[in-house]
Every structure is written in structure tokens, then in C-alpha cells.
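**Q** After the C-alpha cells below, expect a handful of questions from me.
The values are calculated or read from the model by the stated rules, or taken from the named source; none is laboratory data. Not measured: the values here are computed from a predicted model. When we count neighbours, we look across all protein chains shown, and the Cβ atoms used for this are built from the backbone with ideal geometry, even at glycine.
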Amino acid sequence: MITKRSMVKALLAAEEPSPRVRVQGWVRTKRDSKAFSFVEINDGSCLANIQVIVDATVPDYETSILPLRTGASIEVEGELVESQGKGQKWEMVAKSVIIHGNADEDYPLQKKGHNAEFLRSISHLRPRSNLFGCVFRVRSRLAYAVHQFFQQKDFVNVHTPIITASDCEGAGEMFQVKTLSGGTGDNEKGSEEFFGKPAFLTVSGQLEGETFACALSNIYTFGPTFRAENSHTTRHASEFWMIEPEMAFCDLDADMTLAEELVKYLVCDVLENCAEDLELFGKFVDKGLMERLHFVRERSFERVTYTEAVELLEKSGVKFEFPVEYGANLQSEHERYLTEQHFKCPVTVYNYPKEIKPFYMRLNDDDKTVAAMDLLVPGIGEIVGGSQREERLDILKGNMERDGLKEEEYWWYVDLRRYGSVPHAGFGLGFERMLMFVTGVANIRDVIPFPRVPGWAEF
RNA sequence: UCCUGCGUAGCUCAGCGGUAGAGCGGGUGACUGUUAAUCACUAGGUCGUUGGUUCGAAACCAACCGCAGGAGCCA
């Protein structure tokens, strides 16, 4: 009878020895003696490896086991016993070993640490490293927690389109989608657009999300978005995932509360469910990580209006490279000062001057500011951007005219203000930025399995 | 797009005007309940590319290419 496969995670958490278990995984390191070998196997179920003792009497020892190199895939059946050595509680004594595939001599992953830049060039192998195994386990858990958060609150998950014909926000920097021939693929109609008009990869599902909120009340999207910005920073990628809730009968205040709750929920969830992985980040990636995460869990976030933020910055006495000026966007260094120096915790800045924000944000009664908000976190800066949406038809139309947007192209969006318009609000949370925040990983390219940035789309 | 820095062995780096080095990784052997094992031996390089300066360039200069960091834009 074939013994059922056990994952390494389960074996290491065993409460008692077991006469017959089977593991399948990849060799992380091997140390040979005269009479036996220590082989450490990892199967990705957790950070730790299981140590296997393979005695020289095991069949094919000299021909199969001795030539094994780091990276080889093997399967071991044997006994789970308490370890005689220090460093691990459990280990396996092999009875039989199957080599699925040895690794060539030039397997690039060493037992020693590699830097992130090199590992990025071998994205197909880096999940086999300790660091990236941890990162992508946490990424999976975080995605799960996002759905859990919203589902518990009865939000409806909407799959907004990835190909879109509306250029949301007039952002401009989009990828165009077309066929190789540029047309429908039909020779006679070769000059026609496949979709009848220019189409793009979405930069946001917000506008479509609003239409669903105006029917199902509370909705959220969670999917890939694309920006053709020629950005070269540690916080930008051409393809990234975004979470965008949208709520009908909702104002900015409730919007900010939801954003704060979400960030806090995700931090708590990861602290609870990814403890081992976080420990590695705290040790090797970001020494201050655990302190920061506990801080976020314990304390409440701060809120300041844009006007107050500008005053704080002016009174700070700090010499910024770019001067603080009412009416201008806050610079990265300003945001960093607020969240890292002044408040030393996540901060929500709200009510921005209308001139620096897009057409769909709701005009406040002061006629100068809009009900917009940015949630800033230490180390990363903006992690959430959101607003209450302009639900008044005349004002929305005025904004569109001001920004040079054609009403015909947004007819369906404008319709929402004609048929049962309601106050509504939402925000976008950058999934990868959240992941960077909870792991301490400094570069967005290292929290995406196969990152796409200008000049790089390998794999 | 702008600004700065860096490209030397598979990896991490030293060499900074006199002709190629170390550690790790690989190979071979020894030894050991080992655990980033240890010890010995060994293979491995158009010093990013092109051009220039020089008796001589990995080193100095220029252009280009690539990468990284910062800015802007944002999530």
C-alpha cells in the first residue's frame, strides 16, 4: 500500500513519532558522512525543511543519493523520529528514496543568501528560496484575508473588465489593446478596430464598480490593473493588483473608516496566520517590522485635513527639498514626514484642493476642496487613495467640461446621476503596497511573482 | 522623462596605470550526528560594448547598452 504524502509543515508539527510517512520535495542541502547522508527537504508548505537521514544501506545509495545536488526533487518514505541532533525536533529516517530529478551542477541557488536583485533575474527559481517562499505564502494569505474581510461584511465581489474602452480619470498612460493586424483580423475590414473603438488595459475598475454599487450597495473589486507610466521606483509596477470597494449611501467619513479597518484587519490576519514567515522578515529584511505591525494593530490611525497637514509641515521647521505650498500635491518627502516623523503611525489626509484631484470627486460645501482621502503608512507612503464621488449631475458635468472630458464617452457613468443618484464613496488599496507594508520587503518587484516594469517582462 | 551610482569567475566582492585575485558555489578525495559542516586538491574570466588617451588600460576619458537607487506620476 502506498503511504499518503505528508507535507513538511504537518510533519514538523507532529505530536508523536510515526513508523511510516512519505515526503515529496526539493533538496535544500545535503551533508554526507561515510555511513549516511543528511538531506534537508523543503516542499514549500512552510519555511522550515525536514532533515532526512539516509543510511548507506538504503538501496542505490551510492548511485542515487550521493550525487544528489541542491535543487533535486526527491521522494522519501521512512520513519518520523525525534531528532538526536540539536536544531530540530523531528527528523526522518529513510527506508526508500525515489529521485524524480537531480539538479544540474549549475543550479543557481546556493545555501548562502543571495541578494534580491540576482534572484529577480531567476524569477522562475526564486520561490525556492527562503525569502520568496515566505513572500508568496504571505501574498496568498493576504489575498484570502481581503476576500474574507469584505465577504464578512456582505460586500459583493464584482469582476470588472480588464479590457476597457473608457480611459478612467483621463489618466492617459494606458496600454492599448489591439490585434496584431491592428484591425478585426478580417482582411476586408482590416482597418476597423476590433472592439469598434480604441480599447485599453484597465487602470482602475472604479467607474464600473460605481455602477454596481448603485445596484448592490456594497461591492468590491480585486484584480489586476495596468499603468503605462515610465516609472522607475521601488513602489511602481506596470501590472499590479488593486482592491477597490465602492459603497452606496456612504460619505467620506465612512469611507475612511472602512479603509482604516481594512488595513488593520489585514495586519492582524497576517500577524495571526503567518507568524513564522513574518519572523524571517523581521530578522533579515526589516528589523523594525514586528514593532510596526504590533503598533498598527494596537493603536488607532490619525486623520488630518489637507489644510491641517500643510500647516503642520510649515510649522515643522524641517527644510524640505520641495517647499510646502497650499494648492500643490504633497510630495513624497512631505508624506513621509507626516507618517514617519510627526505622527509615527498611519495617517489619513483628506479634503484636498479640488484643482489637484480628478473630476469624479465630490465637491465640498466650501467650494474649494473635494472629499478625497489618502491613507499614508510609514515606509511606503500612499497605500490607499479614495473619495466620495460626485453624485450631483450638474456639478459632475461641469467638472467633466473643465477637464475636457467628452460626456458621450462617459454616458453610462453620467446616467448613474440621472437614475436614482445616491451619495457613494470608495477607494483603491494597492495590494502589493500592502504586501510590502506587512512584509517589510522594500521593492514591489519582490512581492510580485513575475513583475512587469518598464523594460522588463521576462518569464 | 530627469538626477545619481554601479557593471571583474555561477554568486558576493577585492584589485583603481605594469598584464587576473579571494570567499562561497561546482568537481575530486578525506573526515565527521551533521545542520550556512570541516580539511586538502582542482576546473572556471574577450574585467558590459565600442572608440579614444598611453610604451602599456580591468583601472583614465567619451559614447552606447544594462541594472539599481532617488524624483515626478500614482496604488
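**Q** Residues that are closer than 30 Å to A:SER129 by Cα and in contact with a helix residue (DSSP H, G or I) (Cβ under 6 Å, 6 or more places away or on another chain), at least 2 per element: which helices (runs of 4 or more DSSP H) completely within segment A:238-348 meet that? Walk me through it before giving the result.
**A** On the way: elements: A:252-273, A:275-280, A:289-298, A:306-315, A:332-336.
Counting at least 2 such residues, we get A:252-273, A:275-280, A:289-298.
**Q** Assigned by TED's automatic domain parsing to the domain that holds A:VAL370 and under 18 Å from the mean Cα position of the chain (by Cα): which single residue out of A:ALA309, A:ALA259 fits that description? Show your work before the answer.
**A** Details: A:ALA309 fails: under 18 Å from the mean Cα position of the chain (by Cα).
Being assigned by TED's automatic domain parsing to the domain that holds A:VAL370 and under 18 Å from the mean Cα position of the chain (by Cα) holds for just one of A:ALA309, A:ALA259, which is A:ALA259.
**Q** Taking into account only those residues within segment A:68-88 that are within 34 Å of the chain's Cα centre (by Cα) and within 12 Å of RNA strand B (Cβ to nearest atom), which is surrounded by the most Cβ atoms within 10 Å (Cβ to Cβ)?
**A** From segment A:68-88, those within 34 Å of the chain's Cα centre (by Cα) are A:69-75, A:87-88; that's our starting set.
When the remaining residues are screened for being within 12 Å of RNA strand B (Cβ to nearest atom), the result is A:69-72, A:87-88.
Numbers: A:ARG69: 14, A:THR70: 17, A:GLY71: 18, A:ALA72: 22, A:GLY87: 7, A:GLN88: 14.
So, considering only residues that are within 34 Å of the chain's Cα centre (by Cα) and within 12 Å of RNA strand B (Cβ to nearest atom), the one surrounded by the most Cβ atoms within 10 Å (Cβ to Cβ) is A:ALA72.
**Q** Name the residues in segment A:405-456 that are without any contact (Cβ under 8 Å) to a residue 60 or more places away in the chain and near RNA strand B (Cβ under 10 Å from one of its atoms), would you?
**A** A:GLY455, A:TRP456
**Q** Output yes when any residue across segment A:35-42 is at pLDDT below 90 and either assigned to a loop (DSSP other than H, G, I, E, B) or in contact with a helix residue (DSSP H, G or I) (Cβ under 8 Å, 6 or more places away or on another chain) (or both), and no when none is.
**A** Checking segment A:35-42: at least one residue is at pLDDT below 90 and either assigned to a loop (DSSP other than H, G, I, E, B) or in contact with a helix residue (DSSP H, G or I) (Cβ under 8 Å, 6 or more places away or on another chain) (or both).
**Q** In addition: Where the second residue is assigned to a loop (DSSP other than H, G, I, E, B) and within 12 Å of RNA strand B (Cβ to nearest atom) and the first is farther than 18 Å from A:ALA10 by Cα and in contact (Cβ under 8 Å) with a residue 60 or more places away in the chain and lies in segment A:34-63, which pairs have Cβ atoms under 8 Å and are six or more apart or on separate chains?
**A** Correct list of pairs: empty, since none qualify.
**Q** Residues of segment A:315-329 being away from RNA strand B (no atom under 16 Å from the Cβ) and surrounded by 14 or more Cβ atoms within 10 Å (Cβ to Cβ), which ones? Before you say what the answer is, go through the steps one by one.
**A** Quick first cut of segment A:315-329, residues away from RNA strand B (no atom under 16 Å from the Cβ) only: A:315-317.
Answer for segment A:315-329, where residues must be away from RNA strand B (no atom under 16 Å from the Cβ) and surrounded by 14 or more Cβ atoms within 10 Å (Cβ to Cβ): just A:SER316.
**Q** Can you go through A:THR70, A:THR63, A:THR57 and tell me which one is over 28 Å from A:LEU131 (Cα atoms), hydroxyl-bearing (Ser, Thr, Tyr) and part of a loop (DSSP other than H, G, I, E, B)?
**A** Numbers: A:THR70 fails: over 28 Å from A:LEU131 (Cα atoms); A:THR63 fails: part of a loop (DSSP other than H, G, I, E, B).
None of the others qualify; the one that does is A:THR57.
**Q** If you don't mind, there's one more thing I want to ask. Please name all residue pairs, on different chains or six or more residues apart, with Cβ atoms under 8 Å, provided the first residue is in segment A:291-317 and is of a type in the set (Asp, Glu) and the second residue is buried (at least 16 other Cβ atoms within 10 Å of the Cβ).
**A** Pairs found: A:GLU302/A:PHE343; A:GLU302/A:CYS345; A:GLU302/A:PRO346; A:GLU302/A:VAL347; A:GLU302/A:THR348; A:GLU314/A:VAL324.
**Q** So how many residues does segment A:372-391 have that are in contact (Cβ under 8 Å) with a residue 60 or more places away in the chain and over 28 Å from A:THR233 (Cβ atoms)?
**A** Result for segment A:372-391: 2.
**Q** Every residue in segment A:96-109 that is surrounded by fewer than 16 Cβ atoms within 10 Å (Cβ to Cβ) and assigned to a strand (DSSP E or B), please.
**A** Answer for segment A:96-109, where residues must be surrounded by fewer than 16 Cβ atoms within 10 Å (Cβ to Cβ) and assigned to a strand (DSSP E or B): A:SER96, A:ILE98, A:HIS100, A:GLY101.
**Q** Which condition number does A:ASN399 fail, the rest of (1) outside any helix (DSSP H, G or I); (2) more than 13 Å from RNA strand B (Cβ to nearest atom) being met?
**A** (1) is the only condition that A:ASN399 fails.
**Q** Which count do you get for residues in segment A:417-459 that are closer than 16 Å to A:LEU142 by Cβ, in a helix (DSSP H, G or I) and of a type outside the set (A, V, I, L, M)?
**A** Of the residues in segment A:417-459, 6 are closer than 16 Å to A:LEU142 by Cβ, in a helix (DSSP H, G or I) and of a type outside the set (A, V, I, L, M).
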